[in-house]
Amino acid sequence: MTVRRRGPAPTPRNQFSFSRLKAFDQCPLRYRYRYIKGMQEAFRSVESHLGSAVHDVLEWLYEQRENGRSAGLPEVLERFAAAWKERWDENVAVVKTAEAPDSYIRAGREMLTTFYHQVFLHDRSTTLALEERLSVRLAPDVVFTGFADRIGRTRQGRLFVVDYKTSARQGDASDFSEGLQAPLYASVAMGLHDAGECLAGYCYLRLGTTSWQGVTRDQGQALQERFLGLVRQAKSATEFPARPGILCAWCGFNNICPSAQVPRDLAGGLEHAREEHMGPAV
Ligand code: SF4
């Protein structure tokens, strides 16, 4: 199913991830700053930091199981505290000004506790890969790349890919939500693991729910073609208009963007970026 063609070696210029295309869809100007000009965002949101720390723990948890160890919940929460601390640096910003980092730590503990009791203790599936980098050439000048949180097989032997979400809300069926990401990973995993179909799942850690959909080889091929079509749109763009909205508060270019709209109660990232720009107080 996966078509491999000869072409130039993958470089950041021809590598397209799901998040790269999502950035183009959400705000072409942000895409231009980040992927065309290669600029660094001035801060990383605490929500992104929380997501990374929780993903670290889930990867560790399944690794322990594969190594014949069963970690208890207290150990899981200790691991989370360590990951939170290790990953925290001066680039992390709390966007919502009324919140403190502690509320995100509480949210992480709650998500992991729910996952541990509702999913992990009952999960009899086999792990094939954790945080696996998936990559497939879609055209001579386009390589799709992404990281699958967990690839495994159910007790019945069905291949699956699951993506952990720490967002507060469940996604919809649009291309840049549930429509494309996990099914696209599933399409690549089928090629890697020689399967005729694959389950693609989103595990919503805040809600304690997982939604699954089956992806066949033909559907996987169609998804890769749809992704390539979206890449073509991004590659051929000559204008990159700003698309201001609520996400400006979480955009690490909001201190330099002339169109940024950041409400006062979501100005934590913007203030952080301005302080960075001005340098440390003396
Ligand atoms: S601040 Fe808003 S409008 Fe400006 S680049 Fe970022 S997301 Fe786009």
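The values are calculated or read from the model by the stated rules, or taken from the named source; none is laboratory data. Source: prediction; values computed, not measured. No Cβ is skipped: glycine too gets one built from the backbone with ideal geometry, and neighbour counts run over all protein chains shown.
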Study note, to complete from the structure: Checked segment 167-207 for anything farther than 26 Å from Gly157 by Cβ, at pLDDT 85 or above and more than 16 Å from the chain's Cα centre (by Cα); matches are Leu207
Revision key, fill the gap. Here the residues within segment 236-282 that are over 17 Å from Lys96 (Cβ atoms), at pLDDT 95 or above and acidic (Asp, Glu) are Glu239
Point to revise | Verdict on Leu247 being in a helix (DSSP H, G or I), among the aliphatic types (A, V, I, L, M), within 20 Å of the chain's Cα centre (by Cα) and under 27 Å from Ala107 (Cα atoms) | key: yes
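To keep it simple, each residue is scored yes or no on (1) of a type in the set (Ser, Thr, Tyr); (2) within 16 Å of the ligand (Cβ to nearest atom); (3) over 20 Å from Arg32 (Cα atoms).
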{"site": "Tyr185", "(1), (2), (3)": "yes, no, yes"}
{"site": "Val188", "(1), (2), (3)": "no, no, yes"}
{"site": "Leu199", "(1), (2), (3)": "no, no, yes"}
{"site": "Ser259", "(1), (2), (3)": "yes, yes, no"}
Review point. Can you name the condition, by its number, that Glu86 falls short on among (1) loosely packed, with under 14 Cβ neighbours inside 10 Å; (2) acidic (Asp, Glu); (3) within 16 Å of the ligand (Cβ to nearest atom)?
Key: (3)
Review point. So which of Gln233, Gln224, Gln213 is part of a helix (DSSP H, G or I), polar (S, T, N, Q) and within 21 Å of the chain's Cα centre (by Cα)?
Key: Gln224
Review point. Yes or no: Phe227 in contact with a Leu (Cβ under 7 Å, 6 or more places away or on another chain) and away from the ligand (no atom under 12 Å from the Cβ)?
Key: yes
Practice item. Would you confirm whether any residue within segment 29-43 is in a helix (DSSP H, G or I) and away from the ligand (no atom under 16 Å from the Cβ)? Key: no
Study note, to complete from the structure: Matching residues in segment 14-28 (more than 12 Å from the ligand (Cβ to nearest atom) and outside any helix (DSSP H, G or I)) number 4
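Output the number of residues of segment 145-166 satisfying the condition of being touching a residue at least 60 places away in the same chain (Cβ under 8 Å) and not in a strand (DSSP E or B). First the steps, then the outcome.
Our first condition is that a residue be touching a residue at least 60 places away in the same chain (Cβ under 8 Å); within segment 145-166, this holds for 145-146, 149-150, 164, 166.
If we keep only those that are not in a strand (DSSP E or B) as well, we get 166.
Qualifying residue count, segment 145-166: 1.
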Practice item. With the condition kept exactly as written, say whether any residue in segment 28-39 is loosely packed, with under 15 Cβ neighbours inside 10 Å, modelled with pLDDT of 90 or more, in contact with a helix residue (DSSP H, G or I) (Cβ under 8 Å, 6 or more places away or on another chain) and closer than 29 Å to Pro101 by Cβ. Key: yes
Review point. Is it fair to say Ala267 is farther than 30 Å from Val136 by Cα, in contact with a helix residue (DSSP H, G or I) (Cβ under 8 Å, 6 or more places away or on another chain) and near the ligand (Cβ under 9 Å from one of its atoms)?
Key: no
Revision key, fill the gap. Log entry, pairs with first residue in segment 86-109 being in contact (Cβ under 8 Å) with a residue 40 or more places away in the chain, second being among the charged types (D, E, K, R), beta carbons closer than 6 Å, six or more apart or on different chains, reads Asn91/Arg44; Val92/Arg44; Thr97/Asp265
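Out of Leu58, Leu50, report the one residue that is hydrophobic (A, V, I, L, M, F, W, C), outside any strand (DSSP E or B), in contact with a Gly (Cβ under 9 Å, 6 or more places away or on another chain) and touching a residue at least 24 places away in the same chain (Cβ under 8 Å).
Leu50
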